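See below for the structure under consideration.
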Amino acid sequence: MKKVLFYFLLLALLGLLVACSANEEKSSVSEMDMANNSASYTEKEEIATMEEEASSAETPSETNEERMIIHNAIIRTNVKELAQAQSNMEQKVKEYGGYIVESNVYKEDDETSRGHMIVRIPEKHFEPFLSDAEGEASKVLERNVTGQDVTEQYIDLTSRLKSKRVVEERLLTFMKGAEKTEDLLKISTDLAKVQEEIEVIVGKMKYLENQSSFSTIELTMIENRVIIPGIENNDLNTWEKTKKQLVTSTNALLAAGSAIVVFFIGNLPVFLIVGVIAFAVYWMIKRRRLDQNK
């Protein structure tokens, strides 16, 4: 009986030792897993690696994708009636679903007026609006149309955005499983940087979408008017002009007579001296002729 009890106690002790060793192994395994998890962000999953994996997983864009073209046009025309032409073009902008960015009217002089408009028109109505603008003109002075293909640039931004989104999701996953404060701070810093880059890319994509969906047209309309001078009442005041001319001519005659009187009277001594000298010379010449005749 004592031997049976001894063997029972021995087996129980051995079982207890085996259980303790198993628990220790499990705890050591879990500690190793936690250590691996805490080191996984800094050692195994760098941001550059995540972006490369995301880029390699993407499928190439379809070649038949619709092209994104940014159209700009400059139109300069002569018009017969500036106010009417500008009103008609503003109405066309509303009909096509566009909007006016800038609208000004300048009066350079009495004969020339100039209207300047910058409008944004949906891409599908770009050509019709140009035709309408030229239809309002009496003469087209300038027509300059340019187009910029930004399809590849937009595709590149789309690819970069997808990569950044994948990195953002993985960083959020790491943040949820991070247990160390140091890892949490590093993940938060990298996440903020990635999210900022995502905002920049999204902003560029929206800009390209807006520029390609709406075309920009700069329209200048010039009105040249021929002004016929009117006949004013002041130009027909004949009696007043006659009296003025009579007074002017009379004053001119009186001024001339006054000048003659002043000239002769003022120079009378000179005239007397010159007259005496002339008379003396004449008398001497006459006397010499008489002596020669004798």
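Brief remarks on what is shown
- Mean Cβ neighbour count within 10 Å, used as a protection proxy, ranking 79-85, 268-274 highest first: 79-85, 268-274
- Only Lys, Arg (+1) and Asp, Glu (-1) charged, at Cβ; the range 173-215 dipole about Cα centre in debye: 100 debye
- Note on the range 179-226 and the range 245-278: Cα centroid distance 95 Å, given to the nearest whole angstrom.
- Cβ crowding within 10 Å averaged over residues, with 279-292, 163-176 ranked highest first: 163-176, 279-292
- Relative contact order (%) - criterion: Cα under 8 Å, at least six apart; region: the range 69-172: 41 percent
Quick note: the coordinates plus some simple rules give every number you see, no bench work behind them. All values reported here derive from a predicted model rather than from experimental measurement. Note that we place each Cβ from the backbone using ideal geometry, even for glycine, and neighbour counts take in every protein chain shown.
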